[in-house]
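To keep things clear, I will list the structure first and then write my remarks on it.
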Amino acid sequence: MKGHWRVVITVVILSILAIDGAINESSLRRHRYDYGLVNASLDLTKDLITSDILAEEKQISLQTKHEPHLIRSSVIFGLTKASNESKVGSSCHAQLQQVQRGILTKQPWAMKVLDASGIKPSGFVFGQNYWLGSREACRGVQGPVGITLSRNYERVMHYGILTQQAPFDMDYRVIYLRHQSPWQVEIKVMSEQVLHIGLCLPSACGSEEVKQLARDYVAEGTFAEDDIFDMQPEVLYMKDLKLSERFFQRPTFRLVVAALLATGALMLCSQQLRVAKRGDEPVPGLAPVESELWQALDSLLKWQPLQNVVSCFDVADNWRKISAMRENRSGEIPIMNGLRSVCAIWILIFHVVWYMYFTVHNKTVLISYAEKAAFQYVSTAPLLVDVFFTISGFLQTYNFLRNTKQLEAVRRNGLTGNVKLFGKLLFHRYLRLGPLYLVVMGSVDLAFAYIGDVSVFHINERFDELCTEHWWRNLLFIQNLFDHREMCANWSWSLACDMQFFLLANLVLFIYARHPKAAKAVTLAGLVATITWSYGIGINHKFEFSFDATYATGTQIYTSPFVRILPYIVGAIAAWCLQEQRFQMELSEQQIRWLWHFSVLVFLGCIYSTVKRDLGHLITISLFVLGRALFSLTVCWMVVGSATGSGVWWSRLLEAKCFQHLNRLTYAIYLLNPLVIALIYSLTSTSSAADPFMLSVVCCGFTMIVYLASIAFSLAFELPYSNLSGLLLRREGKPKST
């Protein structure tokens with residue numbers, strides 16, 4: 001019994017103790033909860049101290065775990081480690097150290113800094129040198145991100161990445177490093193091997209300080225990509241992507257603004273003159289006629305010579321000239337409208353691809369597309385410049401030989417008279433081409449100065465620097481006689497060639513008017529000389545159709561007037577045959593149709609002749625020289641056939657009236673399209689990938705933008721001066737009054 005009672009007593013005691021313990025633990029938890037709820041303010045300091053201790057312990061743990069990886073993989077973190085007060089200012093150093101601590105402790109604002117700064121993406125082997133990070137993400141460090149998210153849904157995200165700001169000002173900048181890695185395809189078309197590394201940095205750090213930190217960082221050998229890809233990076237420069245005050249102090253800024261103001265004033269005056277002549281009420285928006293300014297202007301506009309000049313700037317009248325579409329007249333060659341228009345758009349598409357090369361991150365893939373048969377029509381588009389040279393040579397000779405009064409004047413004049421006539425022709429040509437050309441050249445200087453400051457991309461061709469130094473070459477139309485890497489607006493080489501060919505053609509035609517046999521001998525000698533010269537230059541420079549060889553021999557072959565004059569001479573000879581020999585095709589209708597189709601096949605065959613680009617030097621230069629001669633002959637056949645009234649269905653399409661409008665814009669399209677394309681590409685914030693489908697969409701967009709810009713520039717700077725040239729020619733043709 002005693003044993004039984006002992007067991008019962010023991011169980012009761014243990015039960016009482018367990019219940020009491022549970023009650024005490026429950027009371028203790030409730031007490032702690034109540035105590036924390038009532039006395040939270042008293043324990044705040046203690047909690048903060050504890051939190052700081054825990055954060056410090058966590059920082060030490062994270063530092064041990066993540067710091068070595070971050071130093072080697074993240075440029076921005078590597079710069080914070082390279083920082084010390086002997087290399088940078090105290091403010092910059094302190095803020096960089098705060099960025100470092102923030103990253104290690106995973107503070108939201110610092111994580112945004114790390115994320116906004118560039119690291120190596122994939123695709124380096126094929127040209128991915130754009131480690132740009134995110135410019136927008138760096139802006140998100142400066143202030144709350146403007147996005148509203150409902151609190152009704154659970155999210156795993158830290159809300160601080162939307163709301164938390166950096167404790168000091170941050171800026172997005174790009175630092176440029178040239179690398180020497182053998183593990184990237186080097187195409188040798190300008191400078192591809194430049195790393196673009198975007199960094200979200202404290203504003204307190206100056207450009208020179210960051211460059212020095214970057215030099216120290218890459219020199220220490222802690223850059224992981226240097227170890228793997230043997231980059232051997234060298235710091236070139238850094239951009240803060242802000243427009244400098246020097247932009248507004250450039251002479252071209254003042255000249256372009258003055259040209260715009262003067263043209264705008266003349267357009268307003270022409271509108272006021274139109275209203276005054278009609279006697280209508282002034283158009284809304286114009287100043288009232290009673291104002292002193294308009295009264296003074298009205299008195300000036302009563303002077304007839306000034307009226308004539310101002311009328312040249314009439315926008316409504318000039319628009320009617322641009323947009324007019326009429327039936328083709330006798331003596332015209334309507335296929336020229338279609339040929340010029342199609343080739344202008346074709347070359348525009350080539351420029352879309354060419355300038356894309358400097359912003360895509362898969363350059364090798366883009367070049368590989370250009371070498372495929374399906375894309376030859378784009379990659380060989382520069383050959384289409386010969387279409388313009390052929391037509392220009394044809395028209396120059398054809399119009400000169402048809403102008404009987406001018407021919408008689410040349411035969412009748414002495415040396416002094418012909419020199420004056422030659423100078424008059426040159427003056428009118430310059431007046432027609434010069435104003436738009438000079439305004440575009442000034443716009444190129446300003447545009448490239450602008451993108452040189454604010455674009456994230458390394459600008460290979462600094463036309464703002466080249467134009468400042470070599471503007472006089474463009475003014476004299478001799479820029480193509482110098483190295484193509486030193487040209488201001490280097491696409492204008494063909495305009496310089498055309499002006500030089502115009503002078504030479506006029507000289508030969510003047511000789512022809514007095515000594516036909518001598519002119520014929522000079523022309524044939526020029527034809528043989530350019531073929532011989534082209535062969536000699538091509539063989540000497542081991543010319544190939546590969547893109548790197550084509551770019552390297554640009555000065556000697558591509559832009560050289562001694563090489564490019566061949567199609568101009570062929571066009572001039574065709575015009576002489578048509579006008580002087582009264583060339584008649586005594587062929588059946590079927591034979592003529594066959595020749596038309598054969599000509600377009602030869603035309604396309606020349607376009608696709610470069611599909612194999614690794615031929616021998618002699619074969620390559622033969623294809624280049626003889627192929628261009630054959631190409632020009634096909635263009636001459638089309639022009640002569642259209643002039644004599646023959647044709648087939650596709651030639652009738654090129655003679656359509658819609659091409660009359662587009663043909664009047666080809667000069668502006670030619671000058672503006674590289675500027676517009678390069679400007680838009682340069683102002684994008686990230687690199688893109690070469691993709692055929694998207695490229696077709698981009699080409700359509702650029703075509704429309706350039707078309708609209710060409711209308712505006714033609715109305716302002718081309719047609720008014722063409723009208724002025726015509727006005728002066730009419731005045732010179734009138735008999736002088738006694």
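Numerical summary
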{"item": "Residue that is assigned to a helix (DSSP H, G or I) and open to solvent by less than 40 Å² (accessible area, probe 1.4 Å), where the choices are Ile573, Ile537", "result": "Ile537"}
{"item": "Qualifying positions in the stretch 67-81 - modelled with pLDDT of 85 or more and either among the hydroxyl-bearing types (Ser, Thr, Tyr) or within 37 Å of the chain's Cα centre (by Cα) (or both)", "result": "Ser74, Val75, Ile76, Phe77, Gly78, Leu79, Thr80"}
{"item": "Hits in the stretch 107-127 - residues which are outside any helix (DSSP H, G or I), open to solvent by 30 Å² or more (accessible area, probe 1.4 Å) and more than 18 Å from Arg72 (Cα to Cα)", "result": "Gln107, Gly123"}
{"item": "Residue within the stretch 375-385 that is at pLDDT 90 or above and under 30 Å from Asp691 (Cβ atoms) present", "result": "yes"}
{"item": "Test: residue in the stretch 541-561 that is part of a helix (DSSP H, G or I), open to solvent by 50 Å² or more (accessible area, probe 1.4 Å) and closer than 30 Å to Val419 by Cβ", "result": "no"}
{"item": "Residues being open to solvent by 30 Å² or more (accessible area, probe 1.4 Å) and free of Cβ contacts under 8 Å to residues at least 60 places away in the same chain - total across the stretch 639-649", "result": "2"}
{"item": "Yes/no for Leu132 being of a type in the set (A, V, I, L, M) and under 22 Å from Phe229 (Cα atoms)", "result": "yes"}
{"item": "Pairs where the first residue, in the stretch 705-733, is farther than 27 Å from Leu679 by Cα and the second is among the hydroxyl-bearing types (Ser, Thr, Tyr) and open to solvent by 20 Å² or more (accessible area, probe 1.4 Å), C-beta under 9 Å, 6+ apart", "result": "Asn723/Ser311; Leu727/Ser311"}
{"item": "Residue match in the stretch 571-585 (condition: among the charged types (D, E, K, R) and either over 34 Å from the mean Cα position of the chain (by Cα) or closer than 30 Å to Ala643 by Cα (or both))", "result": "yes"}
{"item": "Condition check for Ile322: β-branched (Val, Ile, Thr), open to solvent by less than 30 Å² (accessible area, probe 1.4 Å) and more than 30 Å from His196 (Cα to Cα)", "result": "yes"}
{"item": "Every pair of residues 6+ apart whose Cβ atoms lie under 9 Å, when the first sits in the stretch 241-253 and is open to solvent by 60 Å² or more (accessible area, probe 1.4 Å) while the second is of a type in the set (S, T, N, Q)", "result": "Pro251/Thr468"}
{"item": "The stretch 598-626: number of residues that are in a helix (DSSP H, G or I) and either aliphatic (A, V, I, L, M) or open to solvent by 20 Å² or more (accessible area, probe 1.4 Å) (or both)", "result": "16"}
{"item": "Of the criteria (1) touching a Ser or Thr at 6+ places or on another chain (Cβ under 9 Å); (2) surrounded by fewer than 18 Cβ atoms within 10 Å (Cβ to Cβ), which one Cys497 fails", "result": "(2)"}
{"item": "Verdict on Gly393 being without any contact (Cβ under 8 Å) to a residue 40 or more places away in the chain, over 23 Å from Ala259 (Cβ atoms) and either surrounded by 21 or more Cβ atoms within 10 Å (Cβ to Cβ) or over 23 Å from the mean Cα position of the chain (by Cα) (or both)", "result": "no"}
{"item": "Criterion (modelled with pLDDT of 95 or more, assigned to a helix (DSSP H, G or I), open to solvent by 60 Å² or more (accessible area, probe 1.4 Å) and touching a Phe, Trp or Tyr at 6+ places or on another chain (Cβ under 9 Å)) met by exactly one of Leu507, Leu524", "result": "Leu507"}
{"item": "Residue within the stretch 230-240 that is modelled with pLDDT of 80 or more and farther than 27 Å from Ser682 by Cβ present", "result": "yes"}
{"item": "Qualifying residue in the stretch 247-265 (condition: of a type in the set (Lys, Arg), at pLDDT 85 or above and in contact with an Asp or Glu (Cβ under 8 Å, 6 or more places away or on another chain))", "result": "yes"}
{"item": "Residue, most open to solvent (accessible area, probe 1.4 Å), within the stretch 675-734, restricted to residues that are at pLDDT 95 or above and of a type in the set (S, T, N, Q)", "result": "Thr703"}
{"item": "Count of the stretch 133-158 residues which are open to solvent by less than 60 Å² (accessible area, probe 1.4 Å), over 20 Å from Phe77 (Cα atoms) and among the hydroxyl-bearing types (Ser, Thr, Tyr)", "result": "1"}
{"item": "Val365 being part of a helix (DSSP H, G or I), open to solvent by 20 Å² or more (accessible area, probe 1.4 Å) and among the β-branched types (Val, Ile, Thr)", "result": "yes"}
{"item": "Lone unmet requirement of (1) over 29 Å from Glu461 (Cβ atoms); (2) open to solvent by 60 Å² or more (accessible area, probe 1.4 Å) for Leu595", "result": "(2)"}
{"item": "Filtered residue count, the stretch 456-515, keeping only those that are under 30 Å from Arg402 (Cα atoms) and aromatic (Phe, Trp, Tyr)", "result": "6"}
{"item": "Tally of residues being among the hydrophobic types (A, V, I, L, M, F, W, C) and open to solvent by 60 Å² or more (accessible area, probe 1.4 Å) across the stretch 427-437", "result": "1"}
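Every residue, every condition in (1) in a loop (DSSP other than H, G, I, E, B); (2) over 20 Å from Val256 (Cβ atoms), yes or no:
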site	(1), (2)
His458	yes, yes
Asp464	no, no
Cys467	no, no
His470	no, no
Arg473	no, no
Arg485	no, yes
Ser494	no, yes
Cys497	no, yes
Phe502	no, yes
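The values are calculated or read from the model by the stated rules, or taken from the named source; none is laboratory data. Source: prediction; values computed, not measured. Reconstructed Cβ throughout: ideal geometry from the backbone, glycine too, with neighbour counts over all protein chains shown. Protein only, heavy atoms only, side chains kept; ligands, DNA and RNA dropped before computing areas. Shrake-Rupley method; radii C 1.70, N 1.55, O 1.52, S 1.80 Å.
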